[in-house]
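Here the structure comes first, spelled out in structure tokens, and everything after it is commentary.
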Amino acid sequence: MTATQKNNQVTNIDAVVIGAGFSGLYMLYRLREAGFSTRVYEAADGVGGVWYWNRYPGARCDSESIYYNYTFSEELYKEWTWTSRYPEQPEILRYLNFVADKFDLRRDIQFNTRIKSAYYDDDSNRWHIRTEDGESVSAKYFITGVGCISTANIPSIKGLDNFEGEWYHTGHWPHEKVDFTGKRVGIIGNGSSGVQAIPVIAKEAAHLTVFQRTPQYSTPAKNNPYTEEFIRQAKENFHEMKKEVRASLGGLPIPINNQSALEDSPEERRKAYEKAWEAGGARILFAYNDLLANEEANETASEFIRSKIRETVKDPETAEKLSPTYYYGTKRAIIDTDYFETYNRPNVSLVDIKKAPIQEITAKGIRTADSEYELDAIVFATGYDGMTGSLFKIDIRGKDDVSLKDKWVNGSETRTYLGIATAGFPNMFMITGPESPSVLGNMPVAIEQHVEWVMDCINYLREKNIEIIEAKVEAEEAWSKHCGELADSTLYTKAESWYTGANIPGKARGFQIYVGGYGPYRDKCDEVANKGYEGFSLMSSSKTTVR
């Protein structure tokens, strides 16, 4: 068969899923178990999604491992054993490969394949998906599992092509080890990936120069290996744990102190924050119930962390540069291992590029407004085009050939219903899409909820002989308004972060995340389903409206 003949052939299946990370693997499993012919397309040559690509030094999960996994199968949960509280990237990738092997998922995944376009055909009521290689497939359901933070943001800095050394992005790290021994390394960015990479690279490089635009709050992970007894108890507690994480606000069974920070005396607050600091992780956020809603309360937590930075970093000037002034928690709540301690090393320098911006990358290094730094390697820890970036990389077109990018006005007018569907795009489902809780918590819990809701919906459509489901305009407008009102009642919208798109030059600002919490969101989705998918138009094959 010639390439032309292959490209002219169209495969007809029930569902196409984009991505083979946590979302795509579970969606494939559920669809296949229900008897739907399914194909998953994955750009990488293996499963893992973001954990396939994020291989940078120090890459580690910031949710505790015993909760950062699937809970749909008790057998799966008990067969796998995590080694430590916060697992490193290789271990998470091994876990996802273990899942793929256990359920024989690879036979329905097409690797090394990028999707170029997906358009909805009004006449046939089907989605037509085309790969970059020209292959075509027709599917009744089009499901995106592309991830909220999977599209790397490589900043457009003058002169990068002229650099004579090597450069890397934390989101697309080489599979082989990068050896920084004896090298002068510059790292741009100190978000989560930068905070994880900086201490590791500093131990290897001859000199590490950190180019910081905005300092970050970070709390110690307090990582530790698990004992056999702890693992045994965790596995015995499976059902209770599953119930707790699914009902929780952030997918973690950590109780929130139902009290304002302002109700305690300074001494009592200090004790509460010290206890959370010593417990490790981002538990300071759970110390009081108003840290993300009340500016004065937030300042008490922010100042506590700044005091820890001043205690840790020996040089007062460096400590001041590392001390943030925005509201704690309104950017991603970062956890670390020896991040602030690293600035006490003699081979580490900190450059404030908000004060002296980068002018260009030269053949020999980086030139800022007031100096030039000779480097052998540059690491971009500049994050991702979050929430909409991965969706916009595909030319997705709904009814009347309207593109998703145009409908959402390049992200400035993003509108969804429940973060799962959007009007004008029938039979399309987004796993952890914009305006769902997604990244504000432990992602596997959010993913499982979405996959299970989508699967229940598709099963309902099959049982009722319904061919088309589409979000109603008024339903998505009401949901988007509700999401905006919730966000505006918090401090999230008062910070510049990748949550709001502030890390991408020219990107429209907006907060496209539901802040009401995983548990309440699950209840709302269940309510919609229990009312016969209220807010959706349901149509038969003849396009007769069923409801």
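The values are calculated or read from the model by the stated rules, or taken from the named source; none is laboratory data. Worth saying up front: this structure is predicted, and the values here are computed from it rather than measured. With ideal geometry, Cβ positions are generated from the backbone for all residues, glycine too; neighbour counts draw on all protein chains shown. The accessibility values were calculated without ligands, DNA or RNA, using every heavy atom of the protein model including side chains. Shrake-Rupley method; radii C 1.70, N 1.55, O 1.52, S 1.80 Å.
Compared with the alpha-carbon gap, the fully stretched path from E278 to E485 is longer by 71.0 nm at 0.36 nm per residue. Other residues lying with their Cβ under 15 Å from the Cβ of F230 contribute a combined charge of +1, Lys and Arg counting +1, Asp and Glu -1.
Size descriptors for the stretch 145-215, from the alpha-carbon set: Rg then Dmax equal 13.1, 41 Å.
For the stretch 241-320, the solvent-accessible area of protein heavy atoms averages 52 Å² per residue (probe radius 1.4 Å; ligands and nucleic acids excluded). Ranked by the mean number of other Cβ atoms within 10 Å of their residues, highest first, the peptides 193-204, 363-374, 276-287, 461-472 come out as 193-204, 276-287, 461-472, 363-374. Our note on the geometry: Cα centres of the stretch 387-461 and the stretch 26-48, 17 Å apart.
Computed over neighbours whose Cβ is under 11 Å from that of L28, the net charge equals +1, Lys and Arg +1, Asp and Glu -1. Within the chain, antiparallel bridges make up roughly 40 percent of the DSSP beta bridges whose residues both belong there. For the peptides 216-223, 70-77, the ranking by packing is 216-223, 70-77, with the highest mean count of neighbouring Cβ atoms within 10 Å listed first.
Centre-to-centre, using Cα atoms only, the stretch 61-127 and the stretch 276-319 are separated by 34 Å. In the full protein context, the stretch 80-135 carries 47 Å² of accessible surface per residue, based on a 1.4 Å probe and ignoring ligands, DNA and RNA. Considering every Cα-Cα pair within the stretch 306-446, what fraction, in whole percent, is farther apart than 22 Å? Result for the distance tail: 61 percent. Highest-first packing order for the peptide set 154-161, 139-146, 247-254, 258-265 is 139-146, 247-254, 258-265, 154-161, based on the mean count of other beta carbon atoms within 10 Å. Using alpha carbons only, the radius of gyration of the stretch 114-234 set against its Kirkwood radius gives Rg/Rh = 1.13. Note on the chain: the alpha carbon radius of gyration divided by the globular reference 2.2 N^0.38 Å gives 0.99.
Only protein atoms count toward the accessible area here, which uses a 1.4 Å probe; on the stretch 174-313, the carbon and sulfur part of that area reaches 52 percent. For F230 and H172, a Förster radius of 45 Å and the Cβ-Cβ distance give a FRET efficiency of 0.80, rounded to the nearest 0.05.
Note on E88 and R462: with the Förster distance fixed at 35 Å, the Cβ-Cβ geometry gives a FRET efficiency of about 0.25.
Rounded to 0.05, the FRET efficiency of the S403 and E268 pair, given R0 = 51 Å and the Cβ-Cβ distance, is 0.40.
Counted by Cβ distance under 12 Å from F103, the other residues give a net charge of -1, where Lys and Arg count +1 and Asp and Glu count -1. In the chain, the DSSP-assigned H stretches of four residues or longer account for a calculated mean residue ellipticity at 222 nm of -9000 deg cm²/dmol, using -39500 (n - 2.57) per stretch and the full residue count as denominator. Per residue, the average separation of C-alpha pairs within less than 8 Å and at least 6 apart gives the chain a relative contact order of 19 percent. Amide H contacts under 5 Å for Q110: V40, Y41, E42, restricted to partners 5 or more places along the chain or on a different chain, H placed in the peptide plane at 1.01 Å from N. Run the numbers on the stretch 50-180 and let me know its relative contact order in percent, using alpha-carbon pairs under 8 Å that are six or more apart. Relative CO of the stretch 50-180 lands at 26 percent. Partner aspartates and glutamates whose Cα lies under 13 Å from the Cα of K275, excluding those fewer than 8 positions away in the same chain, are identified as E267.
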